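First up is the structure itself, then whatever we jot down about it.
The values are calculated or read from the model by the stated rules, or taken from the named source; none is laboratory data. Treat the numbers as computed from the prediction; the structure is a model and nothing was measured. Neighbour counts run over all protein chains shown; Cβ positions are idealised from the backbone, glycine included.
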């Protein structure tokens, strides 16, 4: 098992998501940047849906009470094994009693820590994802314990594997038309595609708010289904991009829908990045 | 009643949308179509989310979206409405002021006595138009106009689980403890959402509910039965 010495800013267990209960209002959840999470699991030969740790903005510190083989991928930060900085490696064999710590994210926001066989946590409604109303868990806390299958560890894997995906800080976020797109005027569309937006600090796993408001006359709509990647336009002209823990139904204009890859890209986008929506046709 | 508009909604989902009004007749179409799709397209569909006047079909990865849109456009509506629910679930609710701590505020704003508010609130049947906002939260049909009450200007940090409230034209039940701005007029001891069950919500979209007033003693009795797992929610059929 592993003890959480410091939980970091916001760390949780995630997998690919909780499906089949959206009609009851259960968010799908899952890793914010799914391509990085999948890479971390792939490096260890895990299933794509294996449960892993997601860290946000500031990484966590873990004490290994059993030996383990781990991999990490996603945002870049300083990684230390017993105070020794690890460079150019993203798969590690960890000995008993070792401390593994992750610093503040320097490029990207979300970092994934995978372990061979995945973390063993309670599966509720088919998923390990933390979500308060479902499994009583929202984030990791200091002193809590994470479990895994110790018999699977220290397998023959390529320890010097360094394959990593570069965090894509491209300002263009690819979107498709959303359900209320047809209600926009040409001027509205011009505003939405020409304005440079930045991500507000008032953002979380449910949604990323954008700082810049647009002067567009939108109305509330009868509550209708929404999904991760939906760009909502509020009555006040604020844009909210729904993310993985998004509610399942919403009452604002759904102007755009991010492509699956652009959801991952936005998840890792720097708050300094000036984002522009690129409408695909 | 016209055919729904069928639109692509992202790379793996299809939106079907009817006329933009809240009405039982439109909602019958939504629910009937959702049932039809679930029965006939089981190999293609991941899940369906129905709401007031629209539904979204979330498709499995390998489904050809353009082809599926064509299939949905060819569906003949109205879908058989005979499969729609006629169930009204009876939700035991204690309107004691210790639970309904905003009953007096609603009384002041509506200029009605608490007894009249309880009567108006509990005599109506509310259709379940959808679920969302929180797991197990029910979007219910409209409330009697006399007891419409604006949301509170200050959000209460912790509204207890099971609280029954009024927010504007709507009434609803908090399935979990949560921050909230609705005027709380009572509390139900039943579980709106139990994630440890295979079917976490006892309700289906298209069913109706009615609040049944109970005393504090009855509240405690029902709560004990709920906690012991031997409470069975009752319903009536509206034939």
For the condition assigned to a loop (DSSP other than H, G, I, E, B), surrounded by 16 or more Cβ atoms within 10 Å (Cβ to Cβ), within 11 Å of another protein chain (Cβ to nearest Cβ) and touching a residue at least 12 places away in the same chain (Cβ under 8 Å), what is the one hit in B:52, B:58?
B:52
Quick check: is even one residue across segment B:217-232 within 14 Å of chain A (Cβ to nearest Cβ) and touching a helix residue (DSSP H, G or I) at 6+ places or on another chain (Cβ under 8 Å)?
no
Scanning segment A:164-205 residue by residue, those within 14 Å of chain B (Cβ to nearest Cβ) and closer than 28 Å to residue B:18 by Cα turn out to be A:175, A:176, A:177, A:178, A:179, A:180, A:181, A:182, A:183
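Listed here are the residues, each with its yes/no results for (1) surrounded by 15 or more Cβ atoms within 10 Å (Cβ to Cβ); (2) in contact with a helix residue (DSSP H, G or I) (Cβ under 7 Å, 6 or more places away or on another chain); (3) within 14 Å of chain A (Cβ to nearest Cβ); (4) modelled with pLDDT under 95.
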site: B:79; (1), (2), (3), (4): yes, yes, no, yes
site: B:91; (1), (2), (3), (4): yes, no, no, no
site: B:94; (1), (2), (3), (4): yes, yes, no, no
site: B:102; (1), (2), (3), (4): yes, no, no, no
site: B:121; (1), (2), (3), (4): yes, yes, no, no
site: B:170; (1), (2), (3), (4): yes, no, yes, yes
Whichever residue in segment B:134-157 is farther than 23 Å from residue B:110 by Cβ and touching a strand residue (DSSP E or B) at 6+ places or on another chain (Cβ under 7 Å) and, among such residues, is surrounded by the fewest Cβ atoms within 10 Å (Cβ to Cβ)
B:157
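Take segment A:19-71 and flag every residue that is free of Cβ contacts under 8 Å to residues at least 24 places away in the same chain and assigned to a strand (DSSP E or B).
Within segment A:19-71, the subset free of Cβ contacts under 8 Å to residues at least 24 places away in the same chain is A:24, A:38, A:42.
Passing the criteria: none in range.
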Name the single residue, out of those in segment A:24-60 being touching a helix residue (DSSP H, G or I) at 6+ places or on another chain (Cβ under 7 Å) and within 14 Å of chain B (Cβ to nearest Cβ), that is surrounded by the fewest Cβ atoms within 10 Å (Cβ to Cβ).
A:48
Given the criteria at pLDDT 90 or above and within 14 Å of another protein chain (Cβ to nearest Cβ), does residue A:224 qualify?
yes
Tally time: how many residues in segment A:179-206 are buried (at least 19 other Cβ atoms within 10 Å of the Cβ) and either in a helix (DSSP H, G or I) or on the phi > 0 side of the Ramachandran plot (or both)?
3
Conditions: (1) at pLDDT below 95; (2) within 18 Å of residue A:31 (Cα to Cα). Residue A:59 meets all but one. Number of the miss?
(1)
I'm trying to understand the selection: among the residues of segment B:198-213, which are part of a strand (DSSP E or B) and either in contact with a helix residue (DSSP H, G or I) (Cβ under 8 Å, 6 or more places away or on another chain) or within 11 Å of chain A (Cβ to nearest Cβ) (or both)?
B:205, B:210, B:211, B:212, B:213
Which residue is nearest to residue A:22 (Cα to Cα), if the candidates are limited to segment B:172-189 and must be away from chain A (no Cβ under 11 Å) and in contact with a helix residue (DSSP H, G or I) (Cβ under 6 Å, 6 or more places away or on another chain)?
B:189
What are the residues in segment B:20-43 that are farther than 21 Å from residue A:24 by Cβ, part of a loop (DSSP other than H, G, I, E, B) and more than 10 Å from chain A (Cβ to nearest Cβ), if any?
B:23, B:43
Return the total of residues in segment A:249-281 being within 14 Å of residue A:169 (Cα to Cα) and outside any strand (DSSP E or B).
14
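Scan segment A:227-242 residue by residue and report those that are touching a helix residue (DSSP H, G or I) at 6+ places or on another chain (Cβ under 7 Å) and more than 11 Å from every other protein chain (Cβ to nearest Cβ). So that I can check it myself, show each step before the final result.
First pass over segment A:227-242, keeping only residues touching a helix residue (DSSP H, G or I) at 6+ places or on another chain (Cβ under 7 Å): A:228-229, A:241.
A:241, the sole residue that qualifies.
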